[in-house]
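The values are calculated or read from the model by the stated rules, or taken from the named source; none is laboratory data. Note that the structure is a prediction, hence the values are computed from the model and not measured. Here the Cβ positions follow ideal geometry from the backbone for every residue, glycine too, while neighbour counts run over all protein chains shown. Heavy atoms of the whole protein, side chains included, go into the accessibility calculation; ligands, DNA and RNA do not. Shrake-Rupley method; radii C 1.70, N 1.55, O 1.52, S 1.80 Å.
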Protein chains: 2
Amino acid sequence: MTLLQTTVSDACCAPTSSREPLGASEADSLAHTLKAIADPTRLRLVSIIAASTEGEVCVCDLTDPVGLSQPTVSHHLKVLVDAGILSREKRGTWAYYSLVPGGLSSLATQVAGV
Amino acid sequence: MTLLQTTVSDACCAPTSSREPLGASEADSLAHTLKAIADPTRLRLVSIIAASTEGEVCVCDLTDPVGLSQPTVSHHLKVLVDAGILSREKRGTWAYYSLVPGGLSSLATQVAGV
DNA sequence: CATAGACATTGACAACCGTCGATGTCTGCT
DNA sequence: AGCAGACATCGACGGTTGTCAATGTCTATG
């Protein structure tokens, strides 16, 4: 999905930069992931899941803490899953959401390295 | 609209969380900063400045690499300054933008710690 | 003083986003 | 089979955002 294009634009002549800045496609990809957590509700959802002792929380236990409707919470969770931050596992009637291991730290590393 | 519900919902019986999740105001604040860099153009601007040998770049040298108009670039730079990621110094006719020391790494730490 | 250049600000517009109610889909139970 | 509960999806609506052209502000220079 994400094409890691590390094209050397012009490494020959102009040493105006000490290293290569982000390319357009890399910036698009990183921005897409950052947008996923750049929302107060989604930050809280991730935080609640991360703080849970079981490591996973079902939707019914997430609507109350954030004070939003169930469809809205489901929407936010879908955004987080699509961004590779959360993963979803359905067991019976319930859907359990948990953190993707290393997802947040990988994102943090990318932010620090921009 | 936002009722700061930091009340312990049921701390008596169900130890469902190992630590306290993000409060509403903390989530708002962090989301605001994350929104600032959750944009491909702003990520590239920050990256260009970070990659520059001088550590600072004026607006006129930023419009071409991102391919946007000067007002748009100025707008993005203002967002980044307001978020505490960039700082602005005006010398003569030019405005030089540079990274706030520790700004990005502090943000990265907060992301990893959510 | 007048002019030109660098940058910021304003106003407008289309696209996107967060939210909700209504509805659909699946699972487990009686 | 029928029903109830948990969750996802859809359609709609207001608010936000990224972008530009036009304009304003300041600085240096002739």
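Anything in the stretch A:76-114 that is over 14 Å from the mean Cα position of the chain (by Cα) and farther than 13 Å from A:Val46 by Cα? List them, or say none.
Within the stretch A:76-114, A:Glu89, A:Lys90, A:Arg91, A:Gly92, A:Thr93, A:Trp94, A:Ala95, A:Ala112, A:Gly113, A:Val114 meet the criteria.
Evaluate the stretch A:51-60: report whether one residue or more is facing chain B (nearest Cβ under 8 Å), open to solvent by less than 30 Å² (accessible area, probe 1.4 Å) and either away from DNA strand C (no atom under 13 Å from the Cβ) or under 26 Å from B:Ile37 (Cβ atoms) (or both).
To start, the set of residues in the stretch A:51-60 that are facing chain B (nearest Cβ under 8 Å) comprises A:51-54.
Remaining after also requiring open to solvent by less than 30 Å² (accessible area, probe 1.4 Å): A:51-52.
So of that shortlist, the ones also either away from DNA strand C (no atom under 13 Å from the Cβ) or under 26 Å from B:Ile37 (Cβ atoms) (or both) come out as A:51-52.
Within the stretch A:51-60 (the criterion being facing chain B (nearest Cβ under 8 Å), open to solvent by less than 30 Å² (accessible area, probe 1.4 Å) and either away from DNA strand C (no atom under 13 Å from the Cβ) or under 26 Å from B:Ile37 (Cβ atoms) (or both)), the answer is yes, since at least one residue qualifies.
If you take the residues of the stretch A:70-99 that are open to solvent by 60 Å² or more (accessible area, probe 1.4 Å) and within 8 Å of DNA strand C (Cβ to nearest atom), which of them is nearest to A:Leu34 (Cα to Cα)?
Only one residue fits best here, namely A:His75.
Which of the residues belonging to the stretch B:71-81 are more than 21 Å from B:Leu30 (Cβ to Cβ) and more than 7 Å from DNA strand D (Cβ to nearest atom)?
First pass over the stretch B:71-81, keeping only residues more than 21 Å from B:Leu30 (Cβ to Cβ): B:71-75, B:77.
Answer for the stretch B:71-81, where residues must be more than 21 Å from B:Leu30 (Cβ to Cβ) and more than 7 Å from DNA strand D (Cβ to nearest atom): B:Val73, B:Ser74, B:Leu77.
Scan the stretch A:82-96 for residues that are within 24 Å of A:Ala31 (Cβ to Cβ) and more than 8 Å from DNA strand D (Cβ to nearest atom) and jot them down. Steps first, answer last, please.
Residues of the stretch A:82-96 that are within 24 Å of A:Ala31 (Cβ to Cβ), as a first pass: A:82-88.
The answer is A:Asp82, A:Ala83, A:Gly84, A:Ile85, A:Leu86, A:Ser87.
Within the stretch B:31-41, take every residue that is facing chain A (nearest Cβ under 8 Å) and open to solvent by 10 Å² or more (accessible area, probe 1.4 Å) and give me the one that is nearest to the chain's Cα centre (by Cα). Break it down stepwise before answering.
Quick first cut of the stretch B:31-41, residues facing chain A (nearest Cβ under 8 Å) only: B:31, B:34-35, B:37-41.
Filter once more, so that each one left must be open to solvent by 10 Å² or more (accessible area, probe 1.4 Å): B:35, B:39-41.
Values: B:Lys35: 7, B:Asp39: 10, B:Pro40: 13, B:Thr41: 13 Å.
Ranking the candidates gives B:Lys35 first.
When you go through (1) within 13 Å of chain B (Cβ to nearest Cβ); (2) open to solvent by 40 Å² or more (accessible area, probe 1.4 Å); (3) at pLDDT 95 or above one by one for A:Ala11, which number turns out not to apply?
(3)
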